[in-house]
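Reviewing the structure listed below.
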Amino acid sequence: MESSSSFVILSVFISLFLLTSPCKASAQEDFLQCLASHSNQSMPQVYVPKSPSFLSVLQSSIYNLRFTSPATPKPQFIITPNHESQIQALVVCSKKHGLKITTRSGGHDFEGLSYRANVPFVLIDLVNFRTIDVNIRDNSAWVQAGATLGEVYYRIAEKSPVHGFPAGACPTVGVGGHISGGGFGLMVRKFGMAADHVLDARIINAKGEILDRKTMGEDLFWAIRGGGVTSFGVLLAWKIKLVPVPPTVTVSIIAKTLQQDATELVHKWQSVASYGVPNELSIALHIGVVDTGSSNGTRIGSGRTVQATFTTLFLGPATQLLQVMEKKFPELELGMKQEDCKEMRWWNQNIHKTIKKFLEIRNPICCSRNHDENPQILRQNDENQVVRRDLTLTCMVVRSLTSIRA
Ligand SMILES: Cc1cc2nc3c(=O)[nH]c(=O)nc-3n(C[C@H](O)[C@H](O)[C@H](O)COP(=O)(O)OP(=O)(O)OC[C@H]3O[C@@H](n4cnc5c(N)ncnc54)[C@H](O)[C@@H]3O)c2cc1C
């Protein structure tokens with residue numbers, strides 16, 4: 001947006017506030033004036049509660065739907081910057097005006113910490129910071145904070161079928177929050193966590209200065225890779241190291257109910273690590289409750305049972321996976337037929353769909369920005385139960401992935 005038109009919009013905002021609530025208006029006016037005067041390039045897009053699209057922008061990437069309720073505290077401003085200098089201006093002005101900053105990349109925070117606070121706050125939504133520059137020659141990529149994991153995988157795969165990045169499975173998770181908290185995925189046994197593969201980073205500190213690895217120093221660089229970057233500033237971008245992946249990987253999802261010996265399989269799965277399965281193999285376990293009272297969409301009873309779902313990623317072809325499973329986990333291999341094993345490129349439409357299916361089983365909130373696709377969550381009365389369940393399952397998967405690391 002050009003500066004001149006921004007100032008016209010700013011004046012309209014200011015007039016509106018003055019007509020409605022003079023005291024509040026003057027605080028908002030002061031803040032916006034501050035932002036305009038510190039924004040060298042141009043004024044960022046600003047939404048205030050009276051803006052027609054305020055709520056839709058706020059809710060565009062809220063993944064814990066309990067926080068879409070009217071009772072959830074709302075920001076005084078939402079800013080969607082498209083230039084780093086606009087964030088620098090925001091940091092300076094928020095400090096001056098006593099506003100807390102919450103930064104949102106992908107909006108997957110379980111506690112909603114990227115878009116809610118109990119004190120007056122301003123929300124920076126990094127939806128416009130999604131540039132991904134992949135450099136295959138030196139096995140690296142610069143990834144802006146607002147990019148999603150799916151976008152990162154897609155851009156890498158566009159450049160090379162044998163390069164990948166070991167991060168989470170849900171394609172809509174943002175790299176800003178994900179990598180700064182560690183970030184695990186189905187390649188964790190082979191390559192470790194996403195944060196282990198950060199080469200450099202650009203952040204804006206509380207003084208509004210832009211720092212990279214060299215200027216922030218090794219202590220801060222260490223802290224933002226797992227310690228949560230939000231305690232230290234606003235992350236602009238990560239430089240990540242790519243890892244080698246084989247041209248063909250195999251994915252398999254097998255679900256067994258209690259009646260199909262799920263208990264024995266889970267017991268065996270817990271001890272698989274001691275058999276020394278290769279690091280190319282990860283088997284994630286999800287335990288859930290399923291409805292046995294319907295068949296092909298028709299209700300035939302009211303039963304429920306416990307189901308264990310094993311999701312396997314093997315960095316190699318299906319024949320090799322079956323051989324490994326036959327030796328190390330024959331009980332599961334019995335149920336793993338050739339047709340259950342889908343060979344594919346490390347990241348393509350298929351793996352996206354397969355992993356998406358797994359995550360939908362694990363967590364229906366997952367992977368869709370369109371909440372209408374998840375009406376069962378909207379209908380949940382006991383919201384605490386939803387959140388508790390999500391956290392339990394995530395912990396379980398973390399535990400499962402790490403516990404079988406050789
Ligand atoms: C459906 C779903 C699936 C998931 N799958 C996985 C998985 O497979 N593996 C895994 O490890 N985790 C997974 N997670 C957890 C996820 O990695 C974390 O919740 C992560 O913090 C989300 O990052 P985000 O950018 O999307 O979230 P946000 O809500 O945007 O941010 C999360 C936190 O980081 C801060 N933050 C975000 N961006 C910035 C920034 N640019 N600068 C400073 N602070 C920032 C926020 O303020 C907030 O405190 C999943 C979560 C969900 C909801």
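Values in this text are rule-based calculations from the coordinates and carry no lab data. Quick caveat, the model's predicted, so the values are computed rather than measured. Glycine also receives a Cβ, built like all others from the backbone with ideal geometry; neighbour counts cover every protein chain displayed.
Pairs of C-alpha atoms in region 208-327 farther apart than 20 Å represent 64 percent of all such pairs.
Under the classification rounded if a/c is under 1.5, otherwise prolate if a/b is larger than b/c and oblate if not, where does region 15-143 fall, given a ≥ b ≥ c as square roots of the Cα gyration tensor eigenvalues? It is oblate, given that a/c is not under 1.5 and a/b is not larger than b/c. With R₀ set to 41 Å, the beta-carbon distance separating residue 327 from residue 292 gives a calculated FRET efficiency near 0.80. Between residue 68 and residue 218, the simple spin-label model (points 7 angstrom out along Cα→Cβ) gives 4.7 nm.
Taken along the Cα-to-beta-carbon direction at a fixed 7 Å, the label points for residue 119 and residue 271 span 5.3 nm.
Among the chymotrypsin sites (Phe, Trp or Tyr not before Pro) in region 90-133, those located in a DSSP loop and surrounded by at most 15 other Cβ atoms within 10 Å of their own Cβ are 110. With a threshold of 32 Å on the Cα-Cα distance, the over-threshold entries among 96/241; 50/96; 159/327 are 96/241; 159/327. Can you compute the FRET efficiency between residue 41 and residue 248 using 1/(1 + (r/R0)^6), with r the Cβ-Cβ distance and R0 = 60 Å? Round to the nearest 0.05. Efficiency for this residue pair is about 0.85.
Cβ-Cβ distance of residue 338 and residue 302, R₀ of 35 Å, FRET efficiency by 1/(1 + (r/R0)^6): the value works out to about 0.45.
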